[in-house]
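Asks: If you scroll down you'll find the structure; I have some questions about it.
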Amino acid sequence: MFDFIKRLFDNSNTSTAVPEEEIPLEEQKKSCPKCYRKYRINSVVCDADSTLLMIIQYGKTANMADVIAKRANGMPWHLVCKKYIGSGSICDVFEALDTRATDPSQAYFALKALKLELMHDSKSAKRFLEGAKTGLLLEHQNIVRCLALGLPSEQREDSKRAFMVYEYLQGKALEKLINKRALPSASDTLKIAHAVCSALEYAHAQNIIHADLKPSNIFFEPENNGINVKVSDFGCAERLFRNQEWTQIATHTTSIYGCAAYLAPEFAQTRIPTPAADIYSLGCIMYECLTGNPPFLGYNDFHIILQHVDSPVPALSKDFVPPDLVKIVERTLAKKPEDRFQSAKEMREAIEAVHLPV
């Protein structure tokens, strides 16, 4: 059990972030470029990670109504989108309902649709769906299940968007836990990293790279009177970044590199996703769990990327972090891929060998 389990599902919230649906559509607002929390226009910095907020203009999400998805077995699946619940860097997320489900507790799903700005970019949409097919093959306890793919219709304007259907999570994302007032303990950090390593080990064996690991993609889900860690959006960045021809639309709506705060140096230079890049991203997440911030912060993405490439990682204090854990984090954050753990399995085994002081 995680030490911060009570805080994880505590309804109390001191954040000044505002649920997106509470901000009028026509009103300008600000967003944290790191964690995507939304704020009123008069806010300055994110109260979760102290990142300078960016002004954004709310765009239409083209709310989807009823859609037809295609399951892994090829069978069509009718779903009704009940409401818009959020967005990420490339997708809008909706709560979808299976009206034919006999068990109400198993009737809801998460539907992720390609953003409107990318909807008519045929190359992005094609890669989005073709790459998503690999997600249907991933069945692991630490990976959020992708259950079906969208079948865009040319007859209806609201059904042209490529989409994927995922299991609906009741838990919370790691991004909502990490703040300087209350951080995961060393023990919790190891448990989180161990679960993510297990997910990476399985996915890498299927030749699937995540390529965009960050706290917003790591979820804590209640299961069997306990908590399970799950990783979402496997291959999402890889689908759009591998051999991407960057159009004006794509560069305006999607970061060329993914989330800069967790980006491996070699990925920044080559844009080729690798298992070693996933391990580096996990190291950045562990560093943030222990300190409250990722290893590098900056004025913009390129400033942060240059630090990943050239700057030494700020040292972790061994007075507060057990030395064995410091060694693991330092190795994952090595500039050269060959100096890191050579596989997620090797990293998982190193984590299992750590004995924390009581």
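Asks: Could you grab the pairs with beta carbons closer than 9 Å, sequence gap of 6+ or different chains, first residue in the stretch 66-79 and surrounded by fewer than 13 Cβ atoms within 10 Å (Cβ to Cβ), second one aliphatic (A, V, I, L, M) and outside any strand (DSSP E or B)?
Replies: Qualifying pairs under 9 Å: P76/L151.
Asks: Which residue is modelled with the lowest pLDDT, if the candidates are limited to the stretch 98-125 and must be under 15 Å from Y166 (Cα atoms) and buried (at least 19 other Cβ atoms within 10 Å of the Cβ)?
Replies: Checked the stretch 98-125; the qualifying residue modelled with the lowest pLDDT is L114.
Asks: Among the numbered conditions (1) touching a helix residue (DSSP H, G or I) at 6+ places or on another chain (Cβ under 7 Å); (2) more than 22 Å from A69 (Cβ to Cβ); (3) modelled with pLDDT of 90 or more; (4) not basic (K, R), tell me where S185 comes up short.
Replies: It is condition (1) that S185 fails.
Asks: On the basis of being outside the structural domain of T134 (by TED's automatic domain parsing) and either out of contact with any strand residue (DSSP E or B) (no Cβ under 9 Å at 6 or more places or on another chain) or at pLDDT 80 or above (or both), does N73 make the cut? Talk me through it step by step, then tell me what you get.
Replies: On the way: outside the structural domain of T134 (by TED's automatic domain parsing): no; either out of contact with any strand residue (DSSP E or B) (no Cβ under 9 Å at 6 or more places or on another chain) or at pLDDT 80 or above (or both): yes.
For N73, the condition - outside the structural domain of T134 (by TED's automatic domain parsing) and either out of contact with any strand residue (DSSP E or B) (no Cβ under 9 Å at 6 or more places or on another chain) or at pLDDT 80 or above (or both) - is not met.
Asks: Still on this structure: Out of the residues in the stretch 158-169 meeting the condition of being assigned to a loop (DSSP other than H, G, I, E, B), modelled with pLDDT under 85 and not aliphatic (A, V, I, L, M), tell me which one is nearest to the chain's Cα centre (by Cα). If you could, list the steps in order and put the result at the bottom.
Replies: In the first step, residues of the stretch 158-169 are kept if they are assigned to a loop (DSSP other than H, G, I, E, B); the result is 160-162, 168-169.
Then drop every residue that is not modelled with pLDDT under 85, which leaves 160-162.
If we keep only those that are not aliphatic (A, V, I, L, M) too, we end up with 160-161.
Values: K160: 25, R161: 21 Å.
So the residue we want is R161.
Asks: Restricting to the stretch 280-320, and then to whatever is charged (D, E, K, R) and touching a helix residue (DSSP H, G or I) at 6+ places or on another chain (Cβ under 9 Å), can you tell me which residue is farthest from I178 (Cα to Cα)? Steps first, please.
Replies: Filtering the stretch 280-320 down to residues charged (D, E, K, R) leaves 288, 301, 310, 318-319.
Remaining after also requiring touching a helix residue (DSSP H, G or I) at 6+ places or on another chain (Cβ under 9 Å): 288, 301, 310, 318.
Numbers: E288: 7, D301: 21, D310: 26, K318: 20 Å.
Among residues in the stretch 280-320 that are charged (D, E, K, R) and touching a helix residue (DSSP H, G or I) at 6+ places or on another chain (Cβ under 9 Å), the one farthest from I178 (Cα to Cα) is D310.
Asks: Separate question: From the list R340, R271, which residue is of a type in the set (D, E, K, R), at pLDDT 95 or above and either surrounded by fewer than 18 Cβ atoms within 10 Å (Cβ to Cβ) or more than 18 Å from I178 (Cβ to Cβ) (or both)?
Replies: Values: R271 fails: at pLDDT 95 or above.
After applying the criteria, what remains is R340.
Asks: Then there's this: Would you pick out the residues in the stretch 271-308 that are closer than 21 Å to I328 by Cα, assigned to a helix (DSSP H, G or I) and β-branched (V, I, T)?
Replies: I279, I285, T291 - these are the residues of the stretch 271-308 that are closer than 21 Å to I328 by Cα, assigned to a helix (DSSP H, G or I) and β-branched (V, I, T).
Asks: Okay, moving on. Mind checking which residues of the stretch 170-193 are aliphatic (A, V, I, L, M) and part of a strand (DSSP E or B)? If you could, list the steps in order and put the result at the bottom.
Replies: Here is the first cut: in the stretch 170-193, the ones aliphatic (A, V, I, L, M) are 173-174, 177-178, 182-183, 186, 190, 192-193.
Correct list: A173, A182.
Asks: Restricting to the stretch 297-324, count the residues that are without any contact (Cβ under 8 Å) to a residue 12 or more places away in the chain, within 23 Å of D188 (Cβ to Cβ) and charged (D, E, K, R).
Replies: 2
Asks: Continuing with the same structure: When you look at L356, is it surrounded by fewer than 16 Cβ atoms within 10 Å (Cβ to Cβ), in contact with a helix residue (DSSP H, G or I) (Cβ under 9 Å, 6 or more places away or on another chain) and touching a residue at least 60 places away in the same chain (Cβ under 8 Å), yes or no? Let's see the steps before the verdict.
Replies: Details: surrounded by fewer than 16 Cβ atoms within 10 Å (Cβ to Cβ): yes; in contact with a helix residue (DSSP H, G or I) (Cβ under 9 Å, 6 or more places away or on another chain): yes; touching a residue at least 60 places away in the same chain (Cβ under 8 Å): yes.
Here the answer is yes, as L356 does meet what is asked.
Asks: Please specify each residue of the stretch 310-327 satisfying the condition of being among the β-branched types (V, I, T) and within 16 Å of S281 (Cα to Cα).
Replies: In the first step, residues of the stretch 310-327 are kept if they are among the β-branched types (V, I, T); the result is 313, 321, 326.
Those that are among the β-branched types (V, I, T) and within 16 Å of S281 (Cα to Cα): V313, V326.
Asks: Exactly one of (1) of a type in the set (D, E, K, R); (2) buried (at least 18 other Cβ atoms within 10 Å of the Cβ); (3) without any contact (Cβ under 8 Å) to a residue 12 or more places away in the chain is unmet by R348. Its number?
Replies: Here R348 clears every test but (3).
Asks: State which residue is surrounded by the most Cβ atoms within 10 Å (Cβ to Cβ) when the search covers only the stretch 279-294 and only residues that are farther than 22 Å from L356 by Cβ and modelled with pLDDT of 95 or more. Explain how you work it out, then say what you get.
Replies: Taking the stretch 279-294 and keeping what is farther than 22 Å from L356 by Cβ, we get 280-281, 293-294.
From what's left, modelled with pLDDT of 95 or more: 280-281.
Values: Y280: 25, S281: 28.
Result: S281.
Asks: Here are the criteria: (1) surrounded by fewer than 17 Cβ atoms within 10 Å (Cβ to Cβ); (2) of a type outside the set (D, E); (3) at negative phi. Tell me which single one N225 does not satisfy.
Replies: With (1) surrounded by fewer than 17 Cβ atoms within 10 Å (Cβ to Cβ); (2) of a type outside the set (D, E); (3) at negative phi applied to N225, the lone miss is (3).
Asks: While we're here: Does the stretch 234-245 contain at least one residue that is modelled with pLDDT of 60 or more, in a loop (DSSP other than H, G, I, E, B) and surrounded by 21 or more Cβ atoms within 10 Å (Cβ to Cβ)?
Replies: Yes, the stretch 234-245 has at least one match.
The values are calculated or read from the model by the stated rules, or taken from the named source; none is laboratory data. No experiment lies behind these values; they were computed from the predicted model shown. Positions of Cβ are generated from backbone atoms using ideal geometry, with glycine treated the same way; all protein chains shown enter the neighbour counts.
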